[in-house]
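These notes concern the structure reproduced below.
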Amino acid sequence: MDYNFNEIEPKWQNYWRENGVYKVTNDTSKKHYYVLDMFPYPSGAGLHVGHPLGYIASDIYARYKRLNGFNVLHPMGYDSYGLPAEQYAIQTGQHPAITTEKNICRYREQLDKIGFSFDWDREVRTCDPQYYKWTQWTFIQLFNHYYDEESDKAMPIFHLVEKLKAEGKPLVDDKSWNEMSETQQQEYLMNYRLAYLADTAVNWCPELGTVLANDEVVNGLSVRGGYPVERKLMRQWSLRITAYSQRLVDGLEKVDYSDSLKEIQRNWIGRSEGAAVWFPIDAPASEVEKPVDLFMGQVNPKPATAFEIFTTRPDTIYGVTFMVLCPEHEMISQITTPEQKAEVEAYVSWAKNRSERERQAEVKKVSGVFTGSFAVNPLTEEKIPIWVSDYVLAGYGTGAIMAVPAHDSRDFAFAKHFGLPIRQVVAPSLEETSDPDTWTESMDAKVGVSVNSGFVTGMKVKDAMKAVIDKVEELGTGHRTVNYRLRDAIFSRQRYWGEPFPIYYKNGMPYTLPEHCLPLCLPEVKDFKPTPTGEPPLGHADKWAWNEKNCQVVENSKIDNVNVFPLELSTMPGFAGSSGYYLRYMDPRNDSEYFSKEAVSYWQNVDLYVGGSEHGTGHMMYARFWNKFLFDIGMAVTDEPFKKLINQGMIQGRSNFVYRSKNDSNLFISKNVPGREENTVPIHVDINIVDNDILDIAKFKEWRPEFKDARFELEDGKYVCGWEIEKMSKSMFNVQNPDDLVERYGADTLRLYEMFLGPVEQAKPWDTKGIEGVFRFIRKLWKLYIGDNDELKVEEGEASKEAKKIINQAIKKVSDDIERFSFNTSVSTFMITVNELTAAKCSKREVLEPLVVLVAPFAPHIAEELWHRMGHDGTVCDAQWPVCDESLLVEDTFTYPVSFNGKMRFTIELPANVSQDEAFAAVKAHEVGQKWLDGKEPKKVIFVPKKIINIVI
RNA sequence: GCUCUGGUGGUGGAAUGGUAGACACGAGGGACUUAAAAUCCCUUGACCGCAAGGUCGUGUGGGUUCAAGUCCCACCCGGAGUACCA
């Protein structure tokens, strides 16, 4: 009888569920291993075949580890807060909680059919109050901590207060801490808290009615929806992830991520070493106001009458011919001369009103304006003009640069456009200088020697950099420094479907709810849109005020700003809930703590994390930051959350097309009919009515009413469709739903096929062409164990040497493959093994039993069935991973001389204890020649695999 | 532009520096069958040859090595990330 997956797969899925086979306990007596998938956002579209790819890979690894005696934590949950459910709610009025619940049910149903070994008792959902309680709790901790540079970790904010009290230094308006009002004190602390409220230039998306984080904006458009995004100054919550910049860079050394992902993260953090240099303003000091000093206790505070610039090329300081400020720079109005005032103001307002998209689109266009003022180069004491231009960004460095047109392409373009002088200060050698006015581009490379550069002239670029910084520090006009591109993460969203902030406002200042009052549950609202006054949707809630006295959420009408205060109206962004979920899985039902000390001490952190690389700069960065903070405050026990990361490649869709005649809209011409290309237009056709590019004509006619009367011009009696690789999407009718495949071929075939498709990490188009081959393998496997009359063919007794060798080769290969995450080659090995065992007519338990265990991680259903039929009571999940008997793999064949073309090639087997190097040396020393070649000298020695060499004489 | 990836048959893809193309799909041929499905067997990188066998072959050109798809240098072409980051 053939393998009946329709009956067997559900049977074992039920068995696993009913017997709690995948339930994991925190059994500290066993070796631990934590395999995690990035939990999905349950979208309305359901899963397509791309989603389970990573889940299958991690499931195989989890099962493999379990068979090797590990206690494996392998949980799953849902990232269930997010925009799509809310957008849907705005359109339909359907509460996001209902949509989300429905989608989760659908996801669960789909996941269950594939036979994963998830411990569903540990499921978490980010929108569950019992979960987001701890998201809110972490936020409160972030609010109550600051980054202490001295100990290089987060410390409670009261430590800072103590320090400020003790120092008694003037902080704001010449007042010391004790002299400041409470509001002033709170404002001051906002500069230090790891979660803080500040006026920030944010990415405002008018269409979505919310602000977005940097990683949620690409090319000036929102990632979700693709709407334009503007820069806007708003009072927003932010997370001070920048405090962890260095540790986020350093941590990459300790983790096992792909080089490309590490590179993506390094680029995103954008660490660059260089110097901060102060260029004094060439104007009376009295005309310049003193800015607020945020750099407490720095050795040489910047004088108020100087601009601080950041440069990675201090060696070029002798080539500075002007300075440029960003249009947002706060000192522009103070330094602009009356004559230039009108022009500068016009430029600044023009620059500020430009959208992000316009600015980015016109990067090549040079614009700017002279302020009329001058600064002094601290090394040359030269007077240089100060310009304003939007090619200098407010968000990076200090928003002011020293311009070296000869050695920076942007400065070069600016100087050329405005006719500013260009001075060469770096050249290949002292002799090889030229007139920069004749150049067509600047010399940006960091190679060569300094020229025309005072005391550094003749030094190599690297040495000159160091020498200039030393000099600058000696003169007290700047210092060595490191700059990061990373920006703080904006943490407010003007949205409904997210975690509420555990924050209320007293005198306009934020205060956190006491921890024992959590969770602060998301209130009901009448409307999911912003309020008419432009407030976030929570502004519609009637009961959204905080009674400080009895710690209760009360009606807004009771707000008196004495005992009852307004609550925060924004909610947290998507990444809030996903930043620390992996820790919660360790102890998911704990009511009194995020997770217990015991649980985290046992599981430590994630051993293997599998997910898409699209989360490289978003989720991965936030999660690492979140974990480092929890580590600092003694919650997490490791500095990095994920030891090893595998990025599964995206599965693209393979679209099919039919070709509609241009003259006759009811006529469809097959792909290879001559002249088809000129006379037709391609139309996407549902891939589910196409098989191997052959259109099912009957189904096509039913597919849509307009094709009811379709006529066809065929080739060889078939209609052949065209195809193209595109993104998998509903609108292109190329979405492959895993359920359909499970129904047709079974879960085991789907699992094996997804792995067989190619390396997990590689992006690849989905194509069902090869699935038949895998399906055939499953049936062959079955037939190896089960006869035509459903009887077990497995026999006791000793297997042949040949059969033992076959299975041991498989054990070795598959174990290696799984360790290297090369699952596609494992599937090939299974196919070879089954073919060979079938050919060898092997039916001994000694060989067939280990094979079931090898296959179990990949195809658990059939493995379980065969395991039971072979007379085992327990589940195959508790079997022992077989060990390879290497002695069976040693070749013992003899070699034969083969002659051709007048040359002789000998293949000679060497004793097992002779290494290749030794063998080669021996051959060179003619020993082999004496031994085997009747004293003839070998002309050429060729090594072929392992311990065999070829000798040509 | 910069950074990271990758380039192997008709297709997906195998190859710790060691017989390139495993395995699978597709294609062709055959067996079984009244027929079909299913199953099984053979062929399948290109070229030459009746054959034995030979020659050429991993984007291009060099190099290292007894030996290179694999390592090094330069270039060409895809894919991804990032982008006025000073």
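Annotations
- Distance from the range A:660-725 to the range A:373-404 (C-alpha centre basis), Å: 64
- Summing Cβ point charges (Lys, Arg +1; Asp, Glu -1) relative to the Cα centre of chain A gives a dipole of roughly 1240 debye.
- Rounded to the nearest 20 debye, the dipole magnitude of the range A:542-637 is 100 debye, with +1 charges on Lys and Arg beta carbons, -1 on Asp and Glu beta carbons, and the Cα centre as origin.
- For the range A:587-633, the fraction of alpha-carbon pairs in successive 10 Å shells from zero, as %: 21, 47, 29, 3
- The range A:777-885, Cα convex hull volume normalised per residue, Å³: 95
- Net charge in the neighbourhood of A:R106 (other residues with Cβ under 12 Å of its Cβ; Lys, Arg +1, Asp, Glu -1) is -1.
- Here the range A:729-793 exposes an accessible surface that is 49 percent carbon and sulfur, computed with a 1.4 Å probe and the other protein chains kept in place.
- Against chain A, whose longest principal axis is taken from its Cα atoms, helix A:409-418 shows a tilt of about 40°.
- Label point distance in nm, A:M509-A:S260, each placed 7 Å from Cα along Cα→Cβ: 5.0
- The range A:330-428: trypsin sites (Lys or Arg not before Pro) in DSSP coil with no more than 10 other Cβ atoms inside 10 Å: A:K364
- Cα centroid separation - the range A:1-62 against the range A:782-823, whole Å: 24
- Cα lying deepest toward the dipole's positive end in chain A, options A:L792, A:S613, A:F143, charges on Cβ: A:L792
- Normalising the Debye intensity of the range A:727-814 to I(0), with uniform scatterers on Cα atoms only, and taking log10 at q = 0.15, 0.16, 0.17, 0.26 Å⁻¹ returns -0.79, -0.86, -0.92, -1.33.
- Over chain A, DSSP H runs of length four or greater, each weighted -39,500 (n - 2.57), average out per residue to a 222 nm ellipticity of -9500 deg cm²/dmol.
- Prolate/oblate/rounded call for the range A:687-777, Cα gyration tensor, a/c under 1.5 rounded: prolate
- Farthest toward the positive end of the dipole of the range A:30-80, out of A:G54, A:P42, A:N68, is the Cα of A:N68, where the dipole comes from beta carbon charges about the Cα centre.
- Residues in chain A average 46 Å² of solvent-accessible surface per residue, probe 1.4 Å, ligands and nucleic acids excluded.
- Inter-centroid distance (Cα atoms) of the range A:78-127 relative to the range A:613-636, Å: 24
- Charge tally around A:A427: other residues with Cβ under 14 Å, Lys/Arg +1 each, Asp/Glu -1 each, net -2.
- Rough spin-label spacing in nm, given labels placed 7 Å along Cα→Cβ, for A:Q246 and A:K769: 5.4
- Computed label-point distance, nm, for sites A:A445 and A:L714 using a 7 Å Cα→Cβ extension: 6.5
- Straight-line cross-link reach from A:K383 at under 21 Å between alpha-carbon atoms covers these lysines, not counting any fewer than eight positions away in the same chain: A:K302, A:K341, A:K416, A:K471.
- Helix axis angle, A:50-67 relative to chain A longest principal axis, alpha carbon, degrees: 70
- In chain A, the longest principal axis of the Cα atoms and the axis of helix A:860-869 are about 30 degrees apart.
- Reachable lysines from A:K812, criterion Cα separation under 17 angstrom, eight or more residues apart if same chain: A:K65, A:K801, A:K804, A:K946
- Lys pairs under 17 Å by Cα in the range A:568-683, provided they are eight or more residues apart or on distinct chains: 4
- Our compactness index for chain A, the C-alpha radius of gyration over the empirical 2.2 N^0.38 Å, is 1.16.
- Solvent exposure, largest accessible area first (probe 1.4 Å, DNA, RNA and ligands not counted), of A:E382, A:E179: A:E179, A:E382
- Net charge dipole, the range A:103-236: roughly 420 debye, given to the nearest 20, about the Cα centre with Cβ charges of +1 for Lys and Arg and -1 for Asp and Glu.
- Note: the range A:99-176, Cα convex hull, 172 Å³ per residue.
- A Förster distance of 56 Å, applied to the separation of the beta-carbon atoms of A:T312 and A:A839, puts the FRET efficiency at 0.25.
- Percent accessible area from carbon and sulfur atoms, the range A:431-502, protein chains only, probe 1.4 Å: 50
- Share of pairwise Cα separations in the range A:486-595, more than 20 Å, in percent: 47
- Dipole of chain A, positive end: most advanced residue of A:V461, A:T336, A:Q130 [Cβ charges, Cα centre]: A:V461
The values are calculated or read from the model by the stated rules, or taken from the named source; none is laboratory data. This one's a predicted model, so the numbers in the text were calculated from it and none came from an experiment. Note that we place each Cβ from the backbone using ideal geometry, even for glycine, and neighbour counts take in every protein chain shown. Accessible surface areas use protein heavy atoms only, side chains included; no ligands, DNA or RNA. Shrake-Rupley method; radii C 1.70, N 1.55, O 1.52, S 1.80 Å.
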